[in-house]
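Below is one structure, written out as structure tokens; comments come after it.
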Amino acid sequence: MLKDPVMDYPSQPFDAILTTLCIEETCTDFNSFKANIQRLVGVLKSGGYLFIAIMLGETFYRVQSQVIQTTPLTEEQVKEALTSAGLVVEKESLYESNTDDPIEKNESDFTHLSFILAKKR
């Protein structure tokens, strides 16, 4: 889980936050993922947007010869974390991995790539 302070936040909350293929990699389980989403939403202004791109179902990914273990998350878990943090999902795009590509399966075992735009209530 991320530790405070991740960065020095401005005195005003953010209008928008973008996280792509990274927040899920910092989590050891679903509860730490929910906590990290809550922390992001805490620095987002009311009516602000969170855009998240996330790998679903991923248990590992490879960087050169190093294998990094990850916590697999489902679409339902991600949406639960977002809604419990006070966000409303406005748009989602879900793409299935190419299970026929042996190179892709050697690099990561994700099942889907999800792009979500959510607005803080």
- For the stretch 58-65, in order, what is each residue's ³J(HN,Hα) by Karplus, 6.51 cos²θ - 1.76 cosθ + 1.60 with θ = phi - 60°, in whole Hz (x at glycine and Pro)? 7, 10, 7, 9, 10, 10, 6, 9
- Task: Quantify how much of the Cα-Cα distance distribution of the stretch 69-121 extends past 15 Å, in percent.
- Result: 55 percent
- For Thr111, which sequence-distant residues (separation of 5 or more, or a different chain) have an amide H within less than 5 Å of its own amide H, given hydrogens modelled in the peptide plane? Leu56, Gly57, Glu58
- Going residue by residue through the stretch 75-81, the Karplus relation 6.51 cos²θ - 1.76 cosθ + 1.60 with θ = phi - 60° gives ³J(HN,Hα) values, rounded to whole Hz and with x marking Gly or Pro, of 4, 5, 5, 4, 5, 4, 4
- Query: Hey, which aspartates and glutamates would be in cross-link range of Lys79, C-alpha to C-alpha under 20 Å, not counting anything within fewer than 8 residues on its own chain?
  - Reply: Glu24, Glu25, Asp29, Glu58, Glu90, Glu92, Glu96
- Item | Point-to-point label distance, Gln66-Ser11, nm (Cα→Cβ direction, 7 Å offset) | 4.0 nm
- Note on the structure: A correct Kirkwood calculation over the Cα atoms of the chain returns a hydrodynamic radius in Å of 15.0 Å
- Task: Give the accessible area for Ile68 in Å² (nearest 10); use a 1.4 Å probe, count only protein heavy atoms, and leave out ligands, DNA and RNA.
- Result: 40 Å²
- Query: Relative to the longest principal axis of the chain, what angle (0 to 90°, nearest 10) does the C-alpha long axis of helix 30-42 take?
  - Reply: 40 degrees
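The values are calculated or read from the model by the stated rules, or taken from the named source; none is laboratory data. All of these numbers come straight from a predicted model, not from anything done at the bench. Backbone-built Cβ (ideal geometry, glycine too); neighbour counts: all protein chains shown. Each accessible area value is taken on the protein alone, full model and side chains, heavy atoms only, with ligands, DNA and RNA left out. Shrake-Rupley method; radii C 1.70, N 1.55, O 1.52, S 1.80 Å.
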